[in-house]
Amino acid sequence: MKRLLKILLLPFSAIYGSITFIRNKFYDWGWLPSQAFDLPLISVGNISTGGTGKSPAVEYLIRLLQKQSISIATLSRGYGRQTRGYILADAGATAATIGDEPLQFFRKFNDVAVAVCEDRVKGIAHLLRRVPAPGVILLDDAFQHRRVKPGLSILLTQYNNIYSHDFVLPAGRLREFRCGAARVDIIIVTKSPEQLPETAKDKIIKSLRPLPNQVVLFSHIEYNDFQPFFKDQCQKYLSSTEDFELLLFTGIADARPLITRLEALCKKLHIMHFGDHHVYSQKDIRTISGKFRNIVTEKKAIVTTEKDFSRLAHQDICNELSDFPVFYIPVEMGFSENDKKIFENKIVDYVAKNQ
């Protein structure tokens, strides 16, 4: 049935893909303006919809550039926020004002200027007026935002859903034809198995058909320790979970890697999945707490993602969960030693040459 539906949708995909293809060509030919700026601009994006791991990639870049003593700013659209225009994150920022991913950056990196603006050109102009101005700007989810010309472009594609095996919307998940990947400098296959054989890597690289100037790297997910949702809870509560039943609730595009991870760590996993960037309501929290109460064991806990934590941390609706052991799991992007060296050298060299 799915295959038949995909076939029926292919004509619409061809129309949608053709529109985006023509739009991109207008930018390539200079018929539509694309502005460059006199500082290092690094774009992190994807050619498909959601779930490729952009936030861990941006955070990896922040940590790397912090070691170089470079002033850093991030600029996102602020997906899911209830505001418009340019906003620079401050102590009063919430997911509603700047979006959950920028809020996560702001919470974790005090010395990084975190801004949102649906118009990236205006957003960059605002950031450059800051004193001191940033030495590098990381453009989050900006691959299709052609009005800005980044100096270095990073494209993420998920191991279990490589863009070379996919179709344009609505038959598939691609935002444009696969040939759009020719615009990037670095392709990262995210959420790969940590021990991926070279033969498997070679097969994927052959499928992606990178250009001579492009490099294909492979990253995996690194899970950090469980962190308490509420400050007065003890982190050591979940130092060992093999005898625990865990209730996982998520509002992210792809929770499969996390589910696999938790199933290996606990006795039983209960799952509640909400839509990507879900805005939680009081009813949702009551449903979560009700399901947790119905788990018949003393050894139990609630677990969520760091992105969901960012969305919920400042909301009064969470009070109903305060009597329960609730934790979130931070994740990071990891590389093999060889790929790490290649990636970091390319980033550092680019920034050094363009400061």
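The values are calculated or read from the model by the stated rules, or taken from the named source; none is laboratory data. Being a predicted model, the structure only gives us computed values, none of them experimental. We place every Cβ from the backbone using ideal geometry, glycine too, and count neighbours over all the protein chains shown. Calculation scope for accessible area: heavy atoms of the full protein, side chains included, ligands and nucleic acids excluded. Shrake-Rupley method; radii C 1.70, N 1.55, O 1.52, S 1.80 Å.
Have a look at Tyr16, Tyr79 and point out the one that is within 30 Å of Val279 (Cα to Cα), part of a helix (DSSP H, G or I) and open to solvent by 30 Å² or more (accessible area, probe 1.4 Å).
On inspection, the qualifying residue turns out to be Tyr16.
Could you please find all residues in segment 100-127 being under 15 Å from the mean Cα position of the chain (by Cα) and either of a type in the set (S, T, N, Q) or in a loop (DSSP other than H, G, I, E, B) (or both)?
Hit for segment 100-127 is Gln104, nothing else.
Give segment 95-105 a look and list any residue that's crowded, with 18+ Cβ neighbours inside 10 Å and of a type outside the set (Asp, Glu), or say none.
Ala95, Ile98, Gly99, Pro102, Leu103, Gln104, Phe105
Can you find, within segment 40-75, the residue that is most open to solvent (accessible area, probe 1.4 Å) among those that are touching a helix residue (DSSP H, G or I) at 6+ places or on another chain (Cβ under 7 Å) and in a loop (DSSP other than H, G, I, E, B)?
Gln68
Quick check on segment 110-124. Is at least one of its residues open to solvent by less than 70 Å² (accessible area, probe 1.4 Å) and of a type in the set (S, T, N, Q)?
No, segment 110-124 has no match at all.
Tell me, yes or no, whether segment 246-258 has at least one residue that is surrounded by fewer than 17 Cβ atoms within 10 Å (Cβ to Cβ) and not in a loop (DSSP other than H, G, I, E, B).
Taking every residue of segment 246-258 in turn, at least one turns out to be surrounded by fewer than 17 Cβ atoms within 10 Å (Cβ to Cβ) and not in a loop (DSSP other than H, G, I, E, B).
I'd like the full set of residues that are among the hydroxyl-bearing types (Ser, Thr, Tyr) and under 17 Å from Val326 (Cα atoms), limited to segment 248-280.
Of everything in segment 248-280, those that are among the hydroxyl-bearing types (Ser, Thr, Tyr) and under 17 Å from Val326 (Cα atoms) turn out to be Thr250, Tyr280.
Do we have any residue at all in segment 231-239 that's part of a loop (DSSP other than H, G, I, E, B), modelled with pLDDT under 90 and within 12 Å of Ile302 (Cβ to Cβ)?
yes
Among the residues of segment 193-205, is any open to solvent by less than 10 Å² (accessible area, probe 1.4 Å) and part of a loop (DSSP other than H, G, I, E, B)?
No, there is no match, as no residue in segment 193-205 is open to solvent by less than 10 Å² (accessible area, probe 1.4 Å) and part of a loop (DSSP other than H, G, I, E, B).
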